[in-house]
Amino acid sequence: MTASPRRYHITTFGCQMNKADSERMAGILEEMGFQWSEDPNDADLILYNTCTIRDNAEHKVYSYLGRQAERKRQQPELTLVVAGCVAQQEGEALLRRVPELDMVMGPQHANRLRDLLEQVFDGSQVVATEPVNIIEDITKPRRESKVTAWVNVIYGCNERCTYCVVPSVRGVEQSRTPEAIRAEMEELGRQGYKEVTLLGQNIDAYGRDLPGVTPEGRHQHTLTDLLYYVSDVEGIERIRFATSHPRYFTERLIRACAELPKVCEYFHIPFQSGDNDILKAMARGYTHEKYRRIIDTIRSYMPDASISADAIVGFPGETEEQFEKTLQVVGDIGFDLVNTAAYSPRPNTPAALWENQVSEEVKADRLQRLNHLVSIKAAERSQRYFGRIEEVLVEDQNPKAPTQVMGRTRGNRLTFFAGDINELRGRVVPVKITEVRAFSLTGKIAKE
Ligand code: SAH
Ligand code: SF4
Ligand code: F3S
């Protein structure tokens, strides 16, 4: 009799970076002979890939962990791993808090999962949070989608936004080489993937840690150069990138996006606040005027470009007047989407120690007012799609209506239409938009 295969379950919290790391860790586990278990309660190994961007994200992790720690007391052979940003932030303290854990591993260690687990299976309780040079990923990720894929281009962040925990949990910037990125994209193209999103917390920093300077004195490897370098990968029809930082966003990059047919007219550029004094206190390195100029320049090249952003309300010291400037930016620019959040004080960040904290009540009120405006504006932006024919890359079945498929426009709007997923998955289909909502569209296949 052969032993039944060991089963694993990964729960992922947080951003696209974490999702990409989870896919690589899943690939490593499958190479080790583990099989995916949909139900965590049937798994022999549970990995939580965690997020600590705000206090509520961190708390969610503890409540999940509590339940599995309880299960481990009945089932000692269960392996419990905490990876990601809470793991990095808490390190050994997490083992003291949840002694049932077998391993705590920071995001820089994701590609080392096999080695680390072998130490666990040899009987050690492992903490892997020291800074390392991230090794090139040689495993095959187990990707969620068959159509769209994340590709990391730069890990870490060297910025020091005063509210943000990311630099302390993700470490210093480490760019992958253009050759490694292109090779991964070529492999994706061969496997039938159609869309790639290039990922970095501050993707505009791409390449500044790589050697090489041009005769004009700029870094040889920039995001713009990278886009030109990967823009002809066979099979890949669409390229996106995130997240952009207004401080480093260049006209050269905008021109490349306008020029390269595969690069989508879609930009995710967080502005965080519409008030210059708040932006300064956040150490963002730009003014709202500069931000508006960037958007104007994008629209002068690509009038229909989709723009999304992140914003924070209730940063320490934010007055009602300053908050209204954030409303003003949202009112003026016409974003397709804004991810909003109430400021949350984070460990090891300067702003958490300031005395001028805004009350939770005021934060909640501002958040609600901002969200209201964001959805009104998004609905207005959606109107432009009405009656138009959009190219939709089909990703999946609509989980709520199996006779429909779903995909995205080049501008990243989720779109539903009637069709057979087996026939349409991975295809770019012209869709006539017949119904618009703030954050999604419905249409029907347009006759070509
Ligand atoms: N690198 C990106 C964003 C990374 S974090 C950038 O530079 O914009 C994603 C978003 O979470 C941020 O854009 C910010 O809006 C939000 N965020 C980060 N720290 C936060 C905090 N302490 N409280 C509330 N929101 C926060
Ligand atoms: Fe955080 Fe700022 Fe880095 Fe973005 S750029 S990850 S907000 S420190
Ligand atoms: Fe969260 Fe870490 Fe991403 S803190 S937002 S998972 S970088």
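What follows is calculated from the coordinates using simple rules that are stated; it is not laboratory data. This one's a predicted model, so the numbers in the text were calculated from it and none came from an experiment. Don't worry about glycine lacking a Cβ; one is built from the backbone with ideal geometry, like all the others, and counts go over all protein chains shown.
With 18 Å as the limit, write out which pairs from Lys280/Lys363; Lys146/Lys194; Lys262/Lys377 have Cα-Cα distances beyond it, or answer none. Checking Cα-Cα distances, Lys280/Lys363; Lys262/Lys377 exceed 18 Å. Between Asn371 and Lys400, the modelled labels are 1.7 nm apart [label points 7 Å from Cα along Cα→Cβ]. Put simply, the C-alpha atoms of the stretch 7-128 give a gyration tensor, and the ellipsoid matching it has half-axes of 18, 17, 14 Å, longest first. Taking the DSSP bridge list for the chain and keeping only pairs wholly inside it, about 35 percent are antiparallel. With r as the distance between the Cβ atoms of Glu144 and Glu423 and R0 = 22 Å, compute the FRET efficiency 1/(1 + (r/R0)^6) and round to 0.05. Step by step, r from the Cβ atoms, then E = 0.55. Identify all lysines with a Cα-Cα distance to Lys72 below 25 Å; exclude those on the same chain that are fewer than 8 residues away in sequence. The reachable lysines, counting only those whose Cα sits under 25 Å from Lys72, are Lys60.
With q set to 0.07, 0.09, 0.10 Å⁻¹, the log10 of I(q)/I(0) for the chain, from the Debye formula over equal scatterers at the Cα positions, is -0.37, -0.64, -0.79. Among the GluC sites (Glu not before Pro) in the stretch 44-77, those placed in a DSSP loop whose Cβ has at most 12 other Cβ atoms within 10 Å are Glu77. Loop-only chymotrypsin sites (Phe, Trp or Tyr not before Pro) in the stretch 308-413, please: DSSP not H, G, I, E or B, and at most 16 other Cβ atoms within 10 Å. Taking the stretch 308-413 and a limit of 16 other Cβ atoms within 10 Å, the loop chymotrypsin sites (Phe, Trp or Tyr not before Pro) found are Trp354, Phe386. As a proxy for reagent exposure, Val330, Val82 were ordered by neighbouring Cβ count within 10 angstrom, fewest first; the result is Val330, Val82. What the Kirkwood sum gives for the stretch 255-347 is a hydrodynamic radius of 14.0 Å, with every pair of different alpha carbons counted. Rg/Rh for the stretch 254-303 (Cα atoms only, Rh after Kirkwood) is 1.07. The order of Lys262, Lys194, going from fewest to most other C-beta atoms within 10 Å of their C-beta, is Lys262, Lys194. Counting only Cα atoms, the size of the stretch 74-129 along its three principal axes is 29, 25, 13 Å, in decreasing order. The label point for Arg6 and the one for Val172, both projected 7 Å from the Cα toward the Cβ, are 3.5 nm apart.
Asp55 label point, 7 Å along Cα→Cβ, cut-off 20 Å on backbone N: hits in the stretch 334-351? What the label zone holds, given the 20 Å backbone N cut-off, is 340-351.
Which value, in nm² and rounded to one decimal, describes the direction-averaged projected area of the C-alpha convex hull of the stretch 353-448? Approximately 8.8 nm², given one-decimal rounding.
Here's how it looks for Tyr155: its modeled amide H is under 5 Å from those of Gln174, Ser175, Arg176, which are all 5 or more places away or on a different chain. Rounded to the nearest angstrom and listed largest first, the equivalent-ellipsoid semi-axes of the stretch 114-239 from its Cα gyration tensor are 27, 23, 13. On the basis of the beta-carbon distance and an R0 of 25 Å, Asn158 and Asp332 show a calculated FRET efficiency of 0.25.
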